[in-house]
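Only one structure is covered here, and it is reproduced in the block below.
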Number of protein chains: 2
Amino acid sequence: MEHEQGAVVLRSLRLKVTPRRLAVMNCLGEERAYLSAEEVWHRVRPRLGSIGLPTVYRILDELAGAHIVTRIFRSDRKQYYFLCPNQEHHHHFVCDSCRHVEDMDLCGLDGMTREIVRRSGGRVLSHILQVNGLCAECSKQNREMP
Amino acid sequence: MEHEQGAVVLRSLRLKVTPRRLAVMNCLGEERAYLSAEEVWHRVRPRLGSIGLPTVYRILDELAGAHIVTRIFRSDRKQYYFLCPNQEHHHHFVCDSCRHVEDMDLCGLDGMTREIVRRSGGRVLSHILQVNGLCAECSKQNREMP
DNA sequence: GTACAAATGAAAGTTGTTTTTGTTTATACG
DNA sequence: CGTATAAACAAAAACAACTTTCATTTGTAC
Ligand SMILES: [Zn+2]
Ligand SMILES: [Zn+2]
Ligand SMILES: [Zn+2]
Ligand SMILES: [Zn+2]
């Protein structure tokens, strides 16, 4: 994610264009894998001179709330973040070993949503869908979970 | 979940049949909604005289690991648990307002899994799927999130 | 440039969960 | 039944991932 591109995104969210926000977006944008807040912190610190960890948490939260970054679920109940260039509604295939994230273009839940509404009469507001496994490379190397 | 039924489940998991494990299973089995560890703790305490919160966590973890209880995802980073009598592979429709959980009989991810494997060459090991919204009753009452 | 709301850092606080350690209890076996 | 043994448990403290607070700095609109 380029500087000007990040600035456009931030302005569209009515957020001020600050060096920290741009740095966090660039950091995630350079990765094809997910990162924790602390990992983002370590990576952006050198570029900025200094940045507080609470600021990183705040920025990631803003970006996740605006669906610019996606939260990745893991069993260690830490929060992980992934910036996906694809802005269409879709979900992710996540490698348990190397953290690589791939898009699954299909959502496939519209049918299920309709079925729920038809059968139970409730209202569907959101859904969580994430597929876990080993990416092609890790699968070959038969690596185990980190 | 009856006492003997719980005992059978525990024995099949090679776990000792203890009053605390039975109480936790009964507690969740009586609910059609999800509970937090602390909520389970409050509910089983009177029946047992006393039980430590770490014990509740340990038992819930054992049961979740054995797929006897399901973890429910929420945006507060607390863990919630639901004991589902349905032992087939399936997923849940969860009410954001009253915590009611309903089964969705279809998984519908086999096709997507095959597509991932075909396109990326990786290996799929698990998936997370949860639909959130308002159940029929809460939808009528137009309740908001708790 | 100036005003002002928004953003940030540093430190302290919160809280859900886990670890540790010593004691109790379920279960198998004689 | 009694006993041995490993598993389960309580209590307390520890842990770690976040969050809050509040004083200071910095974008942004005019
Ligand atoms: Zn991988
Ligand atoms: Zn979807
Ligand atoms: Zn409901
Ligand atoms: Zn499934």
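So the values come out like this:
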{"quantity": "10 Å Cβ shell holding at most 15 others, DSSP loop, GluC sites (Glu not before Pro): longest site-free stretch of chain A", "calculated": "A:31-87"}
{"quantity": "Where trypsin sites (Lys or Arg not before Pro) fall in DSSP loop in region A:1-54, at most 16 other Cβ within 10 Å", "calculated": "A:R14, A:K16, A:R32"}
{"quantity": "Buried solvent-accessible surface, both chains (A, B), 1.4 Å probe, Å² to nearest 100", "calculated": "2900"}
{"quantity": "Cα gyration tensor shape of chain B, rounded if a/c is under 1.5, else prolate or oblate by comparing a/b with b/c", "calculated": "oblate"}
{"quantity": "Per-selection Kirkwood Rh - region A:91-140 (Cα, Å, 1 d.p.)", "calculated": "12.7"}
{"quantity": "Whether region B:3-83 is rounded, prolate or oblate, judged on the alpha carbon gyration tensor where a/c under 1.5 counts as rounded", "calculated": "oblate"}
{"quantity": "Accessible surface, region B:41-146, averaged per residue in Å² (probe 1.4 Å)", "calculated": "55"}
{"quantity": "Under 23 Å from B:K78, Cα to Cα: lysines that are on another chain or at least 8 residues apart", "calculated": "A:K78"}
{"quantity": "Three-way shape label, region A:55-123, alpha-carbon gyration tensor, a/c 1.5", "calculated": "prolate"}
{"quantity": "Cα lying deepest toward the dipole's positive end in chain B, options B:V56, B:C138, B:Y34, charges on Cβ", "calculated": "B:V56"}
{"quantity": "Angle in degrees between helix B:53-65 and the longest Cα principal axis of chain B, rounded to the nearest 10", "calculated": "40"}
{"quantity": "With Cα atoms, 0 to 90° folded angle of helix A:3-12 axis to chain A main axis", "calculated": "60"}
{"quantity": "Whole-angstrom gap from region A:67-141 to region A:21-41, using each part's C-alpha centre", "calculated": "19"}
{"quantity": "Degrees separating the helix A:110-120 axis from the principal Cα axis of chain A, which is the longest one", "calculated": "60"}
{"quantity": "Spatially proximal aspartates and glutamates relative to A:K16 (Cα-Cα < 18 Å; intrachain offsets below 8 disregarded)", "calculated": "A:E2, A:E4, A:D61, A:E62"}
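The values are calculated or read from the model by the stated rules, or taken from the named source; none is laboratory data. The shown structure was predicted, so the numbers you read here are calculated from the model rather than taken from an experiment. For neighbour counting, all protein chains shown are included, and Cβ atoms are generated from backbone atoms with ideal geometry for every residue, glycine included. Just the protein is used for accessible areas: all its heavy atoms, side chains included, with ligands, DNA and RNA removed. Shrake-Rupley method; radii C 1.70, N 1.55, O 1.52, S 1.80 Å.
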